[in-house]
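Reading through the structure tokens given below for one structure.
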Amino acid sequence: MSQPRKIVVLAGDGIGPEIVAATRRVLDQVAVFDYEEHLIGGISIDEHGLALHDDVVDACRSCDAVLLGAVGGPKWDELVAVDPGAARPEQGLLGIRKALGLYANLRPVKPSPALIDSSPLKEERIAGTDLLVVRELTGGIYFGESGRDGDTAHDDCSYSVAEISRITRVAFEAAKQRAVGRDSGPRVTSVDKANVMETSRLWRETVKVIAGEYPEVELDHMLVDNTAMQLVSRPTDFDVIVTENLFGDILSDEAAMLTGSLGMLPSASIGAEGEPGLFEPVHGSAPDIAGRGVANPLATMLSAAMMLRYGLSMPAEADRIEGAVDAVLASGLRSPDLFTGAEGEREAGTAEVTDAVLAELA
Ligand code: NAD
């Protein structure tokens with residue numbers, strides 16, 4: 001028998017430990033894994049005086065995938081308010097992303113049929129939406145030279161062919177994976193501002209070259225302003241969207257809101273081939289509800305499904321978890337953040353929602 005895959009678990013702060021524990025139970029139901037738990041964020045500051053210990057970085061570098069809860073909370077915000085030089089929980093998050101060289105962020109947007117009512121868009125527009133935003137994470141204007149000269153400020157945007165090529169390949173590979181067993185073929189929409197920006201013209205040229213390696217994937221190019229409109233007017237037309245850092249930051253939040261449920265949104269960050277990826281819910285540590293047993297664990301379970309699909313090449317197990325989550329929602333069970341009181345709904349805490357997912361998987 002092959003060795004179980006090794007997952008480093010960084011539960012973090014606030015609701016992190018609750019939702020990660022629930023997700024581990026679900027993972028155990030679909031396969032055998034070798035877990036290693038470590039501290040990150042505020043709890044690591046309390047224990048070690050810094051948000052990310054070198055030993056944790058080493059453990060993450062030598063595992064197959066990292067599952068993260070969330071970091072942060074008012075306790076550490078208050079310490080920073082008194083002493084601006086104090087360690088901050090989010091340094092742990094930024095530190096581990098950097099240490100693992102994670103350059104691609106993947107955010108799927110696929111509203112569960114049972115939750116279609118929570119979308120701010122009309123049901124007929126949103127029904128059937130199933131898209132993935134692939135955002136470049138380490139280049140562009142956020143990492144360019146910036147500065148001020150008198151009353152003028154500047155932020156430089158630069159991209160290299162190598163940076164564009166590797167993120168484009170992530171998008172095309174993801175498109176291929178998503179199309180397995182699907183009637184429609186894989187499609188990638190590359191988003192840029194090539195009518196104005198030189199980096200966007202290089203982006204478009206490079207994407208076209210890489211597309212040559214994937215003849216089975218359909219490619220189109222779209223300007224970012226048009227994409228912002230199309231995402232809300234015809235979201236069902238998209239499959240995989242690939243774009244640079246700043247555009248991706250904005251579009252992935254816009255796309256996420258199509259579902260209207262923060263507690264449902266998973267994400268994945270991918271690094272170099274063969275290196276572990278990092279999988280985490282989009283939401284934060286929700287200190288307002290921590291320890292009360294009411295946190296919605298589904299975004300973390302869906303992040304674990306992404307870990308299986310994109311990090312551990314276990315797509316069948318990923319499908320099982322996603323199917324179980326859909327089935328639980330279809331049964332009407334809702335954690336308080338999703339509960340509307342509509343007919344057929346029943347409110348339940350973290351443990352009961354988790355038990356229901358486990359029952360679907362049994
Ligand atoms: P948040 O996402 O933690 O919470 C926003 C609101 O959504 C809160 O009312 C919260 O109760 C609710 N919520 C979030 N996740 C939920 C879940 N799974 N189930 C039920 N309700 C949920 O954002 P915030 O309040 O702005 O930040 C709280 C802390 O989290 C801060 O310290 C912030 O820095 C940190 N944060 C961490 C991450 C991360 O670790 N990736 C991301 C965002 C914010």
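Every number here is computed from the coordinates shown, using simple stated rules; none is lab data. If you're wondering where the values come from, they're calculated on a predicted model, not measured in any experiment. All Cβ positions, even for glycine, are placed from backbone atoms using ideal geometry, and neighbour counts span all protein chains on display.
Mean-square fluctuations from a GNM of the chain, with a 10 angstrom spring cutoff on Cα atoms, peak among Val32, Val134, Val66 at Val32.
Listed by chain and number, the aspartates and glutamates whose C-alpha is less than 12 Å from the C-alpha of Lys193, apart from same-chain residues fewer than 8 away, are Asp225, Glu244.
Taking 15 Å as the straight-line reach from the Cα of Lys110, the aspartates and glutamates in range (excluding those fewer than 8 positions away in the same chain) are Glu123, Glu124, Asp130, Asp237, Asp239, Asp253, Glu254, Asp319, Glu322, Asp326. Where the only charges are on Cβ atoms (+1 Lys, Arg; -1 Asp, Glu), what is the dipole of segment 203-260 about its Cα centre, to the nearest 20 debye? Magnitude of the dipole: close to 100 debye.
Averaging Cα coordinates gives a centre for segment 25-54 and one for segment 114-132; these two points are 34 Å apart. Taking segment 133-191, which trypsin sites (Lys or Arg not before Pro) meet the DSSP loop condition and have no more than 10 other C-beta atoms within 10 Å? Taking segment 133-191 and a limit of 10 other Cβ atoms within 10 Å, the loop trypsin sites (Lys or Arg not before Pro) found are Arg182.
For segment 128-201, a crude dipole built from +1 on the beta carbon of Lys and Arg and -1 on the beta carbon of Asp and Glu, taken about the Cα centre, is about 560 debye to the nearest 20. Straight-line reach from Lys98: taking Cα to Cα under 23 Å and skipping same-chain neighbours fewer than 8 places apart, the lysines in range are Lys6. Among the GluC sites (Glu not before Pro) found in segment 253-362, those both in a DSSP coil and sparsely packed, with 14 or fewer other Cβ atoms within 10 Å of their Cβ, are Glu273, Glu343.
Taking every DSSP beta bridge that has both ends in the chain, the antiparallel portion is near 35%.
If you take the square roots of the eigenvalues of the alpha-carbon gyration tensor of segment 58-112 and sort them as a ≥ b ≥ c, do you get rounded (a/c under 1.5), prolate (a/b over b/c) or oblate? Oblate, because a/c is 1.5 or more while a/b does not exceed b/c. Overall shape: prolate for segment 310-362, with the ratio a/c of the largest to smallest alpha carbon gyration tensor axis at 1.5 or above and a/b above b/c.
When the inverse distances between all different Cα atoms of the chain are averaged and flipped, the Kirkwood radius reads 21.2 angstrom.
Its convex hull of Cα atoms gives segment 153-237 a direction-averaged projected area, equal to a quarter of the hull surface, of 6.6 nm².
Placing +1 on the Cβ of every Lys and Arg and -1 on the Cβ of every Asp and Glu, with nothing else charged, gives the chain a dipole about its Cα centre of roughly 660 debye. The overall shape of segment 272-362, judged from the alpha-carbon gyration tensor, is oblate: a/c is not under 1.5, and a/b is no greater than b/c.
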